[in-house]
Amino acid sequence: QEISLSEVLQVRGPAQLTIPVLPGNSAHSFELVTGSLVYCVFADQDGPSWESALDQALRPVQGTVWNEASDFVCVFMCVSQDISELYQIFSDEVLGSGQFGVVYGGTHRHTGRPVAVKVIDKTRFPTKQEEQTKNEVSILQRLSHPGVIHIERTFKTMEHTFVVMEKLHSDMLEMILSHENGRLTERTTRFLVTQVLEALRYLHMRDVAHCDLKPENVLLASPEPFPQVKLCDFGFARIIGQKSFRRTVVGTPAYLAPEVICSKGYNRSLDVWAVGVILYVSLSGTFPFNEDEDINQQITNASFMYPHQPWSLISLEAVNLINNLLQVVVRRRFSVGKAMGHPWFQNFQMWCDLREFEQRMGYRYLTHEADDERWRSHALEKGLNLGNITAGPDGRASFRRLEDSQIKVMKLCSSLGLQNTVSLLRGIS
């Protein structure tokens, strides 16, 4: 939770704490008092340093410089009012469920804005569940990206924790299951996985590993054929540095990397493995293992099958990418950046789909200006008119092929340059 320093009225140290510790919770390190709320701050052994630094920052300036600590500090918002005063939860609208809680649809009472509310029963798994919820909330509160679910606020009672998030339309699994033949086209898969990788690049740059990537956790913002993607469910997420390794088993077995199953220690590369499984499932509608055999053993041995149906209809580039994502040896596995640079993603139609999507969104975060000229030149070479986009059979952008005479004029204008082209057009008119 980001709090402007100007909103903080007081910092209360351990001897001044006023918010009681709820049963099953760990004690917070210090409190931040604002005009309307009191924030409980959970910190590591450097908590006193943070308290001192914030207290110093609130004093009149005396030429003291504070070097911000690099360690992760978790801030949770203690809302003084009941959740029912701000939000209405629809108990008959179940959006999803997991080991520790259920996600319901809801609405903001004052604005009517739809929301999703994760309701967690603390009486069932008081310790493990509480830690996982704290982990998810604290990580999400430090992230801000179009490809990551946005958390609004949290509420707590003795029995429950409520996490209020933005509400999206559906998830990638629903899209796969509802699609013809129970699988997606390469065009659609490429569009969705590009967004997943872009969100992962953002997470990994901040030393965050999701650790539970699967189609159910890839949310879709709208029912459109080419929707916005947002990653959700960060309950298993971990702070893992570039050269760091963890050993705690996390995630969903069918999407787990072999190093996690074998407890050999894992790093952020486990997310890349999961993307490989997602890619396989999306294109084929099946898992990359034989259901009649032990899944864990097959993952560990990388025993993946590409039967004639449907893989004869899928490009060799897609298969090559999957093979590089599903590398058992971690050092041979693609990184997020290398995956995004794979030839399967270097596709003109995908660039057009992404640019149209970004124009619809009103901001750019999936494509780069440096690529624009390359794809414009490609369109010119192939006779594709970027200036004449029409709706194709699927409601998406398609491109009309130009006549030879039009191509010649475009190439002539390109070779003449802007100033000479203007002079030529004036002469013609």
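With 0.36 nm allotted per residue and the present C-alpha distance subtracted, the S97-R332 stretch has 81.0 nm of extension available.
Using 0.36 nm per residue and subtracting the Cα-Cα separation, the extra length available between D371 and N320 on full extension is 16.0 nm.
What does the charge add up to near S315, with Lys and Arg as +1, Asp and Glu as -1, over the other residues with Cβ less than 15 Å from its Cβ? Result for the neighbourhood of S315: +1.
In plain terms, the residue of V336, V196 with the fewest other Cβ atoms within 10 Å comes first and the most crowded comes last, giving V336, V196. Put a dot 7 Å past the Cα of L17, heading toward its Cβ, do the same for S84, and the two dots end up 3.0 nm apart. Under the shape rule built on the C-alpha gyration tensor, where the axes satisfy a ≥ b ≥ c, the stretch 88-166 is oblate, since a/c reaches at least 1.5 while a/b does not exceed b/c. Computed extension length for H169-Q359: 66.4 nm, one decimal, from 0.36 nm per residue of separation with the Cα-Cα distance subtracted.
Modelled spin labels at S222 and E131, positioned 7 Å past Cα toward Cβ, are 4.2 nm from each other. Modelled spin labels at R124 and H160, positioned 7 Å past Cα toward Cβ, are 1.3 nm from each other.
Sorted ascending by nearby beta carbons within 10 Å, beginning with the fewest, H210, H308, H160 become H308, H160, H210.
Counting neighbouring Cβ atoms within 10 Å and putting the fewest first, the residues V163, V328, V277 line up as V328, V163, V277. Under 19 Å from the 7 Å Cα→Cβ point of E180, by amide nitrogen: which residues of the stretch 222-241? Residues 224-227 fall inside that zone.
Computed from the coordinates by the stated procedures, all read-outs in this text should not be read as laboratory data. As the structure is a prediction and not an experimental result, all values here were calculated from the model. Methodologically, a virtual Cβ is constructed for each residue, glycine included, from the backbone with ideal geometry; neighbour enumeration extends over all protein chains shown.
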